[in-house]
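Have a look at the structure below, then the notes.
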Amino acid sequence: MSPLSAKDNVERIFKSLEDLKERNRSIPIIVEGKNDIRALRRLNFEGEILQLHSLMTIEGFCRNLSKNHKEVILLLDWDSKGKRLTSSLIRHLNSYEVKTDFDFWKLCFSMVSQMSNVESLPSVFYRLAAESGAFPHT
């Protein structure tokens, strides 16, 4: 199997982004802050996006979340704090039998040299589209 070209890679990323938008119609996304919510809205996400509450413990946040949701998508930053929060959320949410999806987070983590936070997603994706000639459906 030959390695993917840069354009193929970008197209794969855009397809993953579109899949994530579709999943977000029925599954909430958890992000760290208000700017992350704005960034996803700029990428035309229309579903529920929840901000991780800083005034509440992770345990309390997960307990409250589990009352209304059986599955969530985690999309926190890729810096050391975001990695710690993602790991902690996975552990706590799973203890409340809430399924966690962080596939898109892992895909973006592979691009960490180009971005370290959710806020930068729109600019990175539009730049990649322009450079590769692939145009996102966003």
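Counting only C-alpha contacts under 8 Å and six or more residues apart, can you give the relative contact order of the range 6-132 as a whole percent? Write out the running numbers ahead of the final one.
Numbers: 156 pairs, mean separation 37.8, N = 127.
Relative contact order, the range 6-132: 30 percent.
Amide H neighbours of ILE73 under 5 Å, at least 5 residues apart or on other chains, H built in the peptide plane: list them.
ILE29, ILE30, ASP101
Which entries of LYS21/LYS99; LYS34/LYS99; LYS34/LYS83; LYS67/LYS99; LYS21/LYS81 show an alpha-carbon separation above 22 angstrom in the structure shown?
Beyond 22 Å between Cα atoms: LYS34/LYS99; LYS21/LYS81.
What's the ranking of 87-95, 49-57 by average number of surrounding C-beta atoms within 10 Å, highest first?
87-95, 49-57
Throughout, read-outs are computed from the coordinates displayed, never taken from laboratory work. Everything numeric here is computed off the predicted structure, so don't read it as measured data. Cβ sites come from the backbone with ideal geometry, for glycine too, and all protein chains shown count toward neighbours.
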